[in-house]
Amino acid sequence: MWRTIVKKELLETIFSYRFPLFAVICLLLVPLSMAVNQAAYAKRVRDYSDQVRLTDEAAAAIKIQDIMAGTVAIRGFRRPAPLSVFTQGFESTLPRYYEFTQDGFKPGESATDDETILSVQGKVDFVFLVQMVISLIAMLFASDMVSGEKESGTLRAMLANSLPRDTLLSGKIGGGFLALWVPFLLAFLFGAVVLMFGAFPLAGGDTAVRVLIVLLATSLFILTYFTIGIAVSTSTSKARTSLVAILIVWAAFQLIVPRLGDMIARLAHPVRTETQVSLQKSLLVRSLDTETAKELGRQYDLIFKGAPEGAANDENSPEQKKWDPIRDDIQNRARETKSQQLSAIDETYLQERRRQLDLAVNLSLVSPSAAFARFIADVCGTGELERAKYVEAVRSHQKALDNELFSKVKRTLMMHEGGGTSMSFSAQPVDASKLPRFTITPATVAETLKANARSLISLFVWLIAPFAFAYAKFIKYDVR
Amino acid sequence: MAEHQAILKADGLSKRYEDGVLALDRLNLDVGPGEIYCLLGANGAGKTTTINLFLGFIPPTSGSCFINGIDVSKDPLEAKKYVSFVSENVMLYGNFTARQNLDFFARLGGKTALTKDDYYRAMRRVSLQEKAFDQRVKNFSKGMRQKLGIAIAIVKDAPAVLLDEPTSGLDPKAAAEFLEIMTELRSEGKAVLMSTHDIFRAKEIGDRVGIMREGRLVMERTRDELHNEDLNRLYIDYMESAGQPASA
């Protein structure tokens, strides 16, 4: 009986005018979006490779004098995420690189500088198509599956037979979804072939697993929206009412709730921009350096006041022997203070972001669309998880550079009470070829799943709840 | 009709809707094998409510209805195995061909092993034109749809057939063909309960005719009793007078 219903729903959908329209939309737009985004990705990879090569060349040419002059700024570039062909996520908004100096790191520009008008209009990628086009079509397909059949009387004709309502409902969902899923699957596979022809590393690393997760999650997402459509259809007795209700529900889930969550989170927990934080850190460094220089100048003046001429340049003079440990102590304390205060700024900033993000995520989980977008972005390495990994890698790289490069030169700036300044240097040799390379350790699939537990729970609930709702409604549905 | 023989039976069947309207008031009727029972009555008399109760679409407020001895309220799925239903406007899937519609509803009726020839035979039996067998139903006339609806009932081959105003809107030729098929079903031993406004055809085909008014069966006559009576006159009289429940 179930198979009969599934077959009927499948055929009925295929024979309707909507099906070829949907198939054409899928088969055109999905591969096209993948091809366009792959071209953009390939361009970003070329840029990345060129930039990394230039940075490596510049790093190899670093001289100790440059470090002494404080002009060394090493850039660490983020490799574009291959799976950004599916979803752009933060790909265009993340800084393309961070700049590391002995005073800390600061973000470079994002990749949006070479974007087109799409930056304003919103990008068209696979996830966008699924969220904004396919989900709507899925709901529209479902809109008249119950109320439309009631209106036409065929529901009555079917239920005049020994047909359990749960079988009818699940058969409708199964057949209707299959009619949606097959063209979608074909479009997805076609898109994958297009990617492979474009030399996309589909089989590299865990990419294939991630692509399969994207396919599976997207399929379930479409099923979710289809079932929501069925739930709406079981709540109305006229196809036209279903249609209006579906458009309202879709707009709420797609457009209002996710943005509302973000807006509320921004209002409740405002966060400074990364540039503001960098500025704050620069100001702090300058202020601390000035204080240190003043302290050093004061101590220097106390020790060398009245000392014989040349004592400052004589390593064995008693003044110099007294000065060296005091200078080292002041500089060590200053370095520690600076490190602590900079870390505190970073930590505060991260906490602010985390608090805002947590609230936004929790609020947006009301919409399956937001949960889906977050999950897929993380699976594709363009989401929040990638951003966190990027920041983690930046902090770790700064420490490595401090150890391997910046700490090799000790600059001692002193500001004397009379207003004069003086500077002395001590340097150790640096092997520029052995400087650490900037790398971001990507999140594993397991990490991604764990980090997205809330999104996955939300998607699961959204998969089950509409079905349960539709079932409860349909069991008592008035078919007359 | 003796009780043990009834295929369709209503026993003190009442239905009061949520808005308080009493649509059916203690209806007692039974239809035996090889019998056509015609239910006459104005709109809102309770004819369609009776059929909806037999199909389990609505629960009775009190009383019971039985199909082949099975209480519809208690086991609607089992009861519906033994009944076919043809509505006024036979509802079919417009994008399916006649055969596809027939195949789908036959499967729902539990007939899963029928062949294309079986379907063609059923469609020939209801005089559906051969060229229409594999045509999409969306362009079918009402008469053609009605024929296909009956073909569906024939294919299901249930002992009871419920018809809700089946001749409404049919041209005289189609109506005559329809009555011919009903006669055949009767000869096959089917119990047919037909609600209709068509007094003339009810008299012509009905083994028994009941008149409903405001949810009550106010008159019931057998074919023999009607032989010398003017059913049209009777109908008008009962519609105009305050009805009394018919004696069993």
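The values are calculated or read from the model by the stated rules, or taken from the named source; none is laboratory data. These numbers come from a predicted model, not from an experiment. Positions of Cβ are backbone-derived with ideal geometry, glycine not excepted, and every protein chain shown enters the neighbour counts.
Yes or no: the stretch A:153-173 includes at least one residue that is under 19 Å from A:VAL30 (Cα atoms), of a type in the set (Gly, Ala, Ser) and in contact with a helix residue (DSSP H, G or I) (Cβ under 7 Å, 6 or more places away or on another chain). Taking every residue of the stretch A:153-173 in turn, none turns out to be under 19 Å from A:VAL30 (Cα atoms), of a type in the set (Gly, Ala, Ser) and in contact with a helix residue (DSSP H, G or I) (Cβ under 7 Å, 6 or more places away or on another chain).
Being more than 24 Å from A:SER162 (Cα to Cα), exposed (fewer than 15 other Cβ atoms within 10 Å of the Cβ) and either of a type outside the set (Lys, Arg) or modelled with pLDDT of 85 or more (or both) holds for only one residue in B:THR167, B:THR222, B:THR196, and it is B:THR222. Listed by first and then second residue, the pairs with beta-carbon distance under 6 Å, at least 6 apart or on different chains, first residue in the stretch A:10-23 and over 13 Å from A:LEU140 (Cα atoms), second polar (S, T, N, Q) and at pLDDT below 90, are A:PHE15/B:ASN95. Mind listing just one residue for me: the one in the stretch A:421-480 that is within 37 Å of the chain's Cα centre (by Cα) and among the acidic types (Asp, Glu) and, of those, nearest to A:LEU212 (Cα to Cα)? Among those that are within 37 Å of the chain's Cα centre (by Cα) and among the acidic types (Asp, Glu), it is A:GLU447. When B:ASN68 is tested against (1) surrounded by fewer than 22 Cβ atoms within 10 Å (Cβ to Cβ); (2) at the interface with another protein chain (Cβ under 9 Å from one of its Cβ atoms), exactly one condition is not met: (2).
Taking helices (runs of 4 or more DSSP H) that do not extend beyond the stretch B:87-189, which have at least 3 residues that are farther than 19 Å from A:THR4 by Cβ and more than 10 Å from chain A (Cβ to nearest Cβ)? Filter on the stretch B:87-189 gives B:116-125, B:142-156, B:172-187. Among the listed residues A:LYS399, A:LYS389, identify the single one that is free of Cβ contacts under 8 Å to residues at least 24 places away in the same chain, under 25 Å from A:PHE77 (Cβ atoms) and of a type in the set (Lys, Arg). Within the list A:LYS399, A:LYS389, the selection yields A:LYS399. May I ask you to verify whether A:THR71 is part of a loop (DSSP other than H, G, I, E, B) and β-branched (Val, Ile, Thr)? Spelling it out, A:THR71 is indeed part of a loop (DSSP other than H, G, I, E, B) and β-branched (Val, Ile, Thr).
Please determine, by comparing only the residues of the stretch A:144-165 that are among the charged types (D, E, K, R) and within 9 Å of another protein chain (Cβ to nearest Cβ), which one is farthest from B:PHE57 (Cα to Cα). Within the stretch A:144-165, the match that is farthest from B:PHE57 (Cα to Cα) is A:GLU149. Against the definition (within 21 Å of A:VAL127 (Cα to Cα), surrounded by fewer than 20 Cβ atoms within 10 Å (Cβ to Cβ) and among the small types (Gly, Ala, Ser)), how does A:ALA73 come out, yes or no? So A:ALA73 does not fit the description; no. Comparison of B:THR48, B:THR61 shows that the only residue that is in contact with a Ser or Thr (Cβ under 7 Å, 6 or more places away or on another chain) and buried (at least 19 other Cβ atoms within 10 Å of the Cβ) is B:THR48. For the stretch A:100-132, a tally of residues being under 30 Å from A:GLN341 (Cβ atoms) and at pLDDT below 80 returns 5. Condition first: of a type in the set (D, E, K, R), over 48 Å from the mean Cα position of the chain (by Cα) and assigned to a helix (DSSP H, G or I). Now tell me which residues in the stretch A:303-332 satisfy that. Residues satisfying the conditions are A:GLU319, A:LYS321, A:LYS322, A:ASP324. Look at the stretch B:80-108: where a residue is surrounded by fewer than 24 Cβ atoms within 10 Å (Cβ to Cβ) and a partner is among the hydroxyl-bearing types (Ser, Thr, Tyr), sitting 6+ places away or on another chain with Cβ atoms under 6 Å, you get B:LYS81/A:SER162; B:GLU88/B:SER168; B:MET91/A:SER152; B:MET91/A:THR154; B:ARG99/B:TYR119; B:ARG107/A:THR4.
Taking every residue in the stretch B:46-64 that is more than 8 Å from every other protein chain (Cβ to nearest Cβ) and closer than 14 Å to A:ALA160 by Cα and pairing it with any residue that is aromatic (Phe, Trp, Tyr) and surrounded by 24 or more Cβ atoms within 10 Å (Cβ to Cβ), at least 6 positions away or on another chain, the pairs with Cβ-Cβ distances below 8 Å are B:ILE51/B:PHE85.
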